[in-house]
Amino acid sequence: MKILVVGKGGREHALIQTLSLSPQKPELFSFPGSDAIFEIARPTTATDLPSLISWMTEHSIDLCVAGEESYLVTGDGLANLCEKNGIPCWGPPKESAQLEASKEFAKDFLLRNNIPTASASACDSLESSVAAIDGKYPTVLKFDGLAAGKGVAVCPDEKSALEFLDEVFTQKRFGPGRLLVEECLVGPEVSIFAAIVDDQYLILTPARDYKRLENDDLGPNTGGMGAVASRKLISQELLEIIDESIVAPTVAALQSEKLPYRGFLYFGLMLTPDGPKVIEYNCRFGDPECQAVMPLLSGDLASFCLNGAKGKLDKQLISFSDQWSVCVILASHGYPESSRSGDVISGLENTGQQVFHSGTKRSGEEWQTNGGRVLACVAQGPDRMSAVNAAHAAADQISFPGLQRRTDIGILNFPDAKSHAAENIRLTLTPDDIANGIETLAESIRKANPESAIALIGIRSRGDEVAERLLTRLSADDRDLNFGVLDISLYRDDFEHLRENPKLQESDIPFPIDGAHIILVDDVLFTGRTIRAALDALSDYGRPAKVELAVLIDRGHRELPIHATYTGIDLETNRHDHVHVSLEGTDGEDLVRVVTPQKP
C-alpha cells in the first residue's frame, strides 16, 4: 500500500508516525514534507498541486491523506483532483471544505440547520463591523478565510477591536475577505473529532487545546501551544449530548445539502451554561490536538483511512486507549507575530518521550528552528497528572535561543479532576446576602489572622466596595488596617498595561507592601487572570510576606461553574500556585471563603 500525506508540520509528523505502525506496513510519502518527516516517509518531486496529482498518478499512490487544510481549497481542490484521477482521498472536496475555509459559510450552515452556535453578523468594512459590535464587549471577530489559526480575536474592549479591524480591513494582514462579528460565548472549550464517511461517522478521543501564547490563557492567539486528550476528558453523558445535538445533525446536514464528506472533521466547541455550542469547524485533524490523540490510537489506521476514502467506515479497525495524553509545544522567538529560524536545538536525545517536529530543519548533525511552532513534546499516562508531568519533564530537556513555552498545559482548566462536566447554579445575591457575606468574610479573616496586621486590596469597583465595607467592619479590631484598590479588567488578555495605567497610578496604594500580609478581595469568582494581574501589579510596590484571597460571590445573572481555580504567583519564588475554591450550596453562608495559595 502506498500512502501520501499532504502537509509538513507536527500534525502530519504524528499522522505519518501512526500510519507507519499499521499492520499493512505502507510505503509512505509526504508533500511538501520536512526533514523530520522524511526520516519515516519519502519526498516527492512535486512543486505544486497539479504536479503532485501527476506524481501520485505516475507512482500509483493508493491513498492521499489531507493533513494541511490549505490544499483542500487550493485551485480545483486536492480531493476533487484526486477523484478526477482515480486516487482515493481521505479529506473532503473543495465545496465541503468551505466549512473551514469560510467562517461565513460555516455560520450560515450552522444556523440554517439549527445546530447550536453563537449569533453573528457578516461585515465587509471597518465601519459596518463597528456598527455590528454596537458597543457590546467582549466580542469575537473572525476573518472569513484561512488564517493559520490566527484570524480570530476575542476583543474585551473597543481599543482591541479597532486594532484587529485595522489589521483585517486596512492592513489586509490575512488578504481580502469579509469578517464575522460574533457573540462571545463563555465556558470551557473541548475539541471533538469525527471520522465521517458519507452518512456514517465515528467519534474519536476528545481533546482540549490551549490557544493563547502565555500561561493562564494570556497573550496573543496562536495556532495552539499544547493540548490534552483522553476519553475521560468529558463525561459520557456530555459526549452523548454533543453527539445528539451537534455531530449527528452536522452529518445529516452534509448529506441533505449534498456536501460529500469522507475524512476527519474537527468540532471546536464551547461548553456554555446553555449547553455545548459550535465555535468552528476544521476539515482535518487539529494541530496540536492530533499530536496528543494519535499516540492513543491503536489498530490499522492505514486501512481505516483507505476504506473510508472508498466509502466504507470500518470502525473495528481502530481503537483508543483510556490513558491521558498531553502535548506541550515549544515555539520560536517572536511567535506568533513572526518566527526565527536557524537557532540550534539541543536536548532532543534526552526527552525519553515522543517529540514531533512542527518547524525544524537539519543542518549537518544539528536540528535547527524553522518556523513558529518548533516541537511538540508528547507523553501518556494512566491519569492526567502523570501525563502532564512526563510531557513537561520532556520539554524541560530541550532548549534553543528564544524558546517560548507554556508550563500550565494539562493543568489550567482542570479545577476538579474528579468531575469533567461543569455543575452550574443560578444565583443572585440580595442586599441581605451581601451583608451576611461580609460578616462571614470578616469572621473568616479574624480566624485566619488573629494577630497579624493586614492590608486589604479591592479588585475592580465592586471588589473596592466589598473591601471598604470589610475595612469598616474590621476597624474595631486592635490591629493595623490598610486599604487600596487595583483597577483591573476581567477581560484583559495582556496585563502589561497595568504598568502604565493612569487609574492604577492615581490610586497610589496608601501603605507599604513590603513584608505586609495582603488579602486580595473580589466580589466575583471568575478566572485566575484577575488574581494573577493583581499579584503582578503588587510586585511593583514591594513583596508581601503572605497573600490570601477573599471572595464574596455575586454571580448576578451569570450561570457559572461551582468549582473554580485561581492561579497566582508566589512573589518571592515566582512559583505558580493553584488555589482551588469549591462552593457547595446556594445560600449566603456558603458563599465566602478565605484561602491561602498552596502547591497543587
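Listed here are the pairs Lys211/Lys277; Lys103/Lys258; Lys103/Lys312; Lys172/Lys277; Lys94/Lys312; which of them are more than 23 Å apart at the Cα?
Working: Lys211/Lys277 18 Å; Lys103/Lys258 19 Å; Lys103/Lys312 30 Å; Lys172/Lys277 30 Å; Lys94/Lys312 21 Å.
From Lys211/Lys277; Lys103/Lys258; Lys103/Lys312; Lys172/Lys277; Lys94/Lys312, over 23 Å: Lys103/Lys312; Lys172/Lys277.
How large is the accessible surface per residue of the range 30-69, computed with a 1.4 Å probe and reported in Å² as a whole number?
Details: 1690 Å² over 40 residues.
In whole numbers, the range 30-69 has 42 Å² accessible per residue.
Need one number for the range 153-233: average projected area of the convex hull over its C-alpha atoms, nm².
Values: hull surface 31.9 nm².
Result: 8.0 nm².
Determine the per residue accessible area of the range 291-425 with all protein chains present and a 1.4 angstrom probe, expressed in square angstrom. Kindly include the intermediate steps, with their values, before the conclusion.
Values: 5340 Å² over 135 residues.
Here the residues of the range 291-425 average 40 Å² of exposed surface.
Show me the three semi-axes of the equivalent ellipsoid for the range 359-413, from the C-alpha gyration tensor (sqrt of 5 times each eigenvalue), largest first, rounded to whole Å. Before the final figure, lay out each step's value.
On the way: eigenvalues 127, 30, 16 Å².
Values for the range 359-413, descending: 25, 12, 9 Å.
Express the carbon and sulfur contribution to the solvent-accessible surface of the range 70-225 as a percent, rounded to the nearest whole number, probe 1.4 angstrom.
Working: 2930 of 5990 Å².
Of the solvent-accessible surface of the range 70-225, carbon and sulfur hold 49 percent.
In square nanometres and to one decimal, what's the mean projected area of the convex hull around the Cα atoms of the range 138-187? The partial results should precede the final answer.
Numbers: hull surface 13.6 nm².
For the range 138-187, the mean projected area of the Cα convex hull comes to 3.4 nm².
Give me the compactness ratio for the range 230-346, meaning the Cα radius of gyration over 2.2 N^0.38 Å. Don't skip to the answer; put the middle values down first.
Values: Rg = 17.6 Å, N = 117, 2.2 N^0.38 = 13.4 Å.
So the Cα radius of gyration is 1.31 times the expected 2.2 N^0.38 Å.
Looking at the range 146-208, which trypsin sites (Lys or Arg not before Pro) are in a loop (DSSP not H, G, I, E or B) and have at most 15 other Cβ atoms within 10 Å? Walk me through the intermediate numbers first.
Values: sites: Lys150, Lys159, Lys172, Arg173, Arg178, Arg208; in loops: Lys150, Lys172, Arg173, Arg178.
Counting only loop positions with at most 15 other Cβ atoms within 10 Å, the trypsin sites (Lys or Arg not before Pro) in the range 146-208 are Lys172, Arg173.
Based on the alpha-carbon gyration tensor of the range 172-219, what equivalent-ellipsoid semi-axes (square roots of 5 times the eigenvalues) come out, in whole Å, largest first? Before the final figure, lay out each step's value.
Details: eigenvalues 147, 85, 30 Å².
Each semi-axis is √(5λ); the values are 27, 21, 12 Å.
Hey, any idea what % of the range 242-396's accessible area is carbon plus sulfur with a 1.4 Å probe? Provide the component values of the computation, followed by the final result.
Working: 2340 of 5370 Å².
Summing carbon and sulfur atoms, their accessible area is 44 percent of the total for the range 242-396.
Using the scaling law 2.2 N^0.38 Å as the reference, what is the normalised Cα Rg of the range 28-137?
Values: Rg = 19.0 Å, N = 110, 2.2 N^0.38 = 13.1 Å.
Rg over 2.2 N^0.38 Å, computed on Cα atoms: 1.45.
What are the semi-axes of the equivalent ellipsoid of the range 281-392, taken as the square roots of 5 times the eigenvalues of the Cα gyration tensor, listed largest first and rounded to whole Å? Numbers along the way, then the final one.
Working: eigenvalues 171, 70, 36 Å².
Square roots of five times the eigenvalues give 29, 19, 13 Å.
Short version: ³J(HN,Hα) in whole Hz for each residue of the range 287-298, in order, from phi by Karplus 6.51 cos²θ - 1.76 cosθ + 1.60 (θ = phi - 60°), x for Gly and Pro, what are they?
Result, rounded to whole Hz: 10, x, 4, 4, 5, 7, 7, 4, x, 8, 8, 10.
The values are calculated or read from the model by the stated rules, or taken from the named source; none is laboratory data. Predicted model, so just to flag it, every value in this text is computed and none were measured. Counting neighbours? That spans all protein chains shown, and the Cβs are built from the backbone with ideal geometry, glycine included. These area figures cover heavy atoms from the full protein model, side chains too; ligands, DNA and RNA do not enter into them. Shrake-Rupley method; radii C 1.70, N 1.55, O 1.52, S 1.80 Å.
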